[in-house]
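The structure appears below as structure tokens.
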Amino acid sequence: MFEAYLTLMVFGVVSVGFAVASLIGAWLLRPRVPDPIKATTYECGVEAVGSTEIKTNFRFYVVALLFVIFDVEALFVIPWAVSAKTMDIGFVVGEMMVFLAVLFAGLMYAWKKGALVWD
Amino acid sequence: MSETNRENVKNSGEDSQGSAQAPVPGVAKPSIPAAAHAKPAAAAARPAAKPAAPAEVLPEPRLNNGRGRLLGSARLWPTEVWPNPWARPSFVRGAYWLAGIVAGVLLLGWSVGEISVWANLAYDWAMNLLRLRQVPELWAQGAWSAVKVVVVFHLVALAPLFLVWWERKISAHMQSRLGPMYVGGFHGWAQTIADGIKLMLKEDVSPRAADAWIHLLAPIVAAAPAVLAFAPVYFGSGLTAADIDIGVLYIFAVSGMTVIGIVMAGWGSGNKFSLLGGLRAGAQLVSYELPRTFSVIPVILLVGSLNLTAINDFQSGYWLGFIPRWFIFYPVMGQIAFVIFLIASVAETNRIPFDIPEAESELVAGFHTEYSGMKFSLFFFAEYAYVFLSSALVATFFLGGGNAPLPFLRIWPSWLWFFAKTGLIAFCFLWFRWTFPRFRVDRLMDFNWKFLLPWSFANIAFGAVYLFL
């Protein structure tokens, strides 16, 4: 098991190194023809108006919040799924069904409150 | 009057008299009323009833100075009509090539056998050598890890090259085109390599409005996890770079980091298209992450492990001696989980029909509008690496990984079966792109939250039923 995590460390170095090295390689090879027009924001040929640091729509925040809730639930379910076979199945499964029912009720609540409406 | 004649009338401008008298071989010249001569050319050339068009004699094409491979035989221009595809020489030649490639791969797989046997031999040899040289154990293990990582990394780096070429060929043939045909000789196999070199030599334009550091770091943050996520992937019996016990969780966690890179790209570009694309990508990727995770839970539940090798080994064997014990063949639970996982995986890779973040008809190119050169190709690389990863995961979770579909097919090694199944699912990914129209953004979110997520919850209950059997 120690070797596996050693490999993971080497993997991390290689994957970041690959991305950085390819950018450095391109930096060494590519031509440089700077031009003030090139550095303008792409907006289909017309000059860009205003800044992009604007207030964005609230619904993205709601989706992110729902994601955090349900992803944490997933982290509760995964250890249960791994160890369920080794325990008293009837009890463990019944308990998880209660948990999933609560989760599902939460989804229904978000649904009824209009958190899933997108527009 | 014939079609050809009408063309001539238009081409010759006002002189309707001269072109109307242009000889058309084989067709009797229709009589034109005298009044028609006074009218403009277009009106005069429109007859009441159209006679059959004569056989047109097109000029011999002289494209590419006659040296091009595609148009070299000018006599095939325009396309000749064949009674059936097998009468066409190129079709027969292609069939021979395909049969030859398949036979070659099967022969290679049969003669090489399990790669893990060779790998173990190499491991023992290398370790003995290093021990004789009195290299510390940690360094020896590190060196062996590096070898494994380099092998897997090359696989991950070459898979997108192949997938891009394959996608272009598939899309071309679905649209009755040929796709890349020139670079490399055989059906343009080197096209992606040439494209990669071209992208590397392209100038990098970073807009003034962009946040320079975020703009630079975003492709690294997006592409590095795409490689890192392959560490625990099962490529065949004994062929796992890092056989960790939390494999599935690790893959989901690491591949989820790409969304940070995409949101960074959208935010850091200083472009409204990028910003919208990045936000949409963030919302979509985190949403589809949920059914993707929940659909695998029944599989984990029945196996009792997050280790990909354990998941693969659980699916070995056959019911009644011929039905493979793959998870896709578990009634109800298997099929629902498979479909949800496949759909969510397509959405996770930002591909059509879920390519709202980079919808070219509304957002130019979405989050990578302002990227060019190598930075752009890192995003491109990440997308295709994730196609490969998702195909590999579908093959491992639901299609039995390296297990043969029938007992007598076990003469071929597990890695060959794994790559065959991965290729099949990867083909489906590329096929979807050229078959389905794009989702509208609100339907996309509804489909996830109101359909996939409730069904993936229900599927956990369906999976739990199997524990009592």
Original post:
Among the residues of segment A:91-98, is any within 7 Å of chain B (Cβ to nearest Cβ), under 22 Å from the mean Cα position of the chain (by Cα) and free of Cβ contacts under 8 Å to residues at least 40 places away in the same chain?
Top reply: no
**OP:** Tell me, please, whether a residue that is more than 15 Å from B:Trp267 (Cβ to Cβ) and more than 10 Å from chain A (Cβ to nearest Cβ) can be found in segment B:196-215.
**Re:** yes
Subject >> Filter result for the condition that a residue is of a type in the set (Gly, Ala, Ser), over 18 Å from the mean Cα position of the chain (by Cα) and over 20 Å from B:Ala382 (Cα atoms), over B:Ala212, B:Ala222, B:Ala218 >> reply: B:Ala212
Original post:
Which of the residues spanning segment A:36-53 are among the hydrophobic types (A, V, I, L, M, F, W, C) and within 8 Å of another protein chain (Cβ to nearest Cβ)?
Top reply: A:Ala39, A:Cys44, A:Ala48
Original post:
Picking from B:Arg410, B:Arg443, which residue would you name as being away from chain A (no Cβ under 11 Å), among the basic types (Lys, Arg) and surrounded by fewer than 22 Cβ atoms within 10 Å (Cβ to Cβ)?
Top reply: B:Arg410
Original post:
What is the number of the single condition among (1) polar (S, T, N, Q); (2) closer than 30 Å to B:Val248 by Cβ; (3) part of a loop (DSSP other than H, G, I, E, B) that A:Ser15 does not meet?
Top reply: (3)
Subject >> Output for segment A:69-90, where each listed residue is among the β-branched types (Val, Ile, Thr) and either within 10 Å of chain B (Cβ to nearest Cβ) or closer than 19 Å to B:Trp455 by Cβ (or both) >> reply: A:Ile69, A:Val77, A:Ile78, A:Val82, A:Thr86, A:Ile89
Original post:
Out of curiosity, is A:Gly25 over 30 Å from A:Leu116 (Cα atoms), assigned to a helix (DSSP H, G or I) and at the interface with chain B (Cβ under 7 Å from one of its Cβ atoms)?
Top reply: yes
**OP:** Taking only segment B:281-338 into account, find how many residues are among the β-branched types (Val, Ile, Thr), away from every other protein chain (no Cβ under 14 Å) and farther than 20 Å from A:Ala81 by Cα.
**Re:** 1
**OP:** Only one of these is of a type outside the set (Gly, Ala, Ser), modelled with pLDDT of 85 or more and over 22 Å from B:Leu389 (Cβ atoms): B:Trp166, B:Trp139, B:Trp213. Name it.
**Re:** B:Trp213
**OP:** Give, as residue ranges, the helices (runs of 4 or more DSSP H) completely inside segment B:187-299 that count at least 3 residues that are farther than 30 Å from A:Ala115 by Cβ.
**Re:** B:191-200, B:212-228
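The values are calculated or read from the model by the stated rules, or taken from the named source; none is laboratory data. This one's a predicted model, so the numbers in the text were calculated from it and none came from an experiment. Cβ coordinates were reconstructed from backbone atoms using ideal geometry, including for glycine residues, and neighbour counts include every protein chain displayed.
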